Amino acid sequence: MDNKIIEKVEKDQYKKRPEIKVGDTVKMYLKIKEGNKERVQVFQGVVIGIKGVGVAQTVTVRKISYGVGVEKIIPLYSPMLQKVEVIKRGTVRKSKLFYLRGRVGKRALKISNLKDVFETDEVEVPVEGEPEEVTSQEQEVAQKTSE
């Protein structure tokens, strides 16, 4: 097919949208049909991915709702998307923020250009000079193993 024909058809489909980047916190105003009624539902979250070009561009938005991560893939030029607001700009180093899926709470909302915070297993190491407490059960086990 000729690209010029496709461009003419797509030209009518474009709507004015703000520039959205990965890492931004956005509010998406979506039209929801319930029976005969229509209402607008707001979906606010972090953009974790952008896919496609032109009219076929989709945005993946993630939010935490009642402790559960919820993601929606929203076509940017859909007639069901009424309005888009950029609440906060994020600075990220990756084009896809799928690592946010494994995070909960404030870690899931914190996006910066610093290093990722990895979970570490904390191990208590006794400091020199501090006496270690030994229970009577541990003493009995130590005696039995030494015999």
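Structural remarks
- Of all residues in segment 68-84, those satisfying the criterion of being at pLDDT 90 or above and of a type outside the set (A, V, I, L, M, F, W, C) are Glu71, Lys72, Pro75, Gln82, Lys83.
- Qualifying positions in segment 77-88 - surrounded by 13 or more Cβ atoms within 10 Å (Cβ to Cβ) and either over 20 Å from Glu38 (Cβ atoms) or touching a helix residue (DSSP H, G or I) at 6+ places or on another chain (Cβ under 7 Å) (or both): Tyr77, Val86
- Test: residue in segment 26-34 that is in a loop (DSSP other than H, G, I, E, B), surrounded by 11 or more Cβ atoms within 10 Å (Cβ to Cβ) and over 15 Å from the mean Cα position of the chain (by Cα): no
- Restricting attention to segment 59-70, the residues being in a strand (DSSP E or B) and surrounded by fewer than 16 Cβ atoms within 10 Å (Cβ to Cβ) number 4.
- In segment 45-58, the residues that are β-branched (Val, Ile, Thr) and within 11 Å of Lys96 (Cα to Cα): Val47, Ile48, Ile50
The values are calculated or read from the model by the stated rules, or taken from the named source; none is laboratory data. Bear in mind the structure is a predicted one, so any value in this text is a computation, not a measurement. Methodologically, a virtual Cβ is constructed for each residue, glycine included, from the backbone with ideal geometry; neighbour enumeration extends over all protein chains shown.
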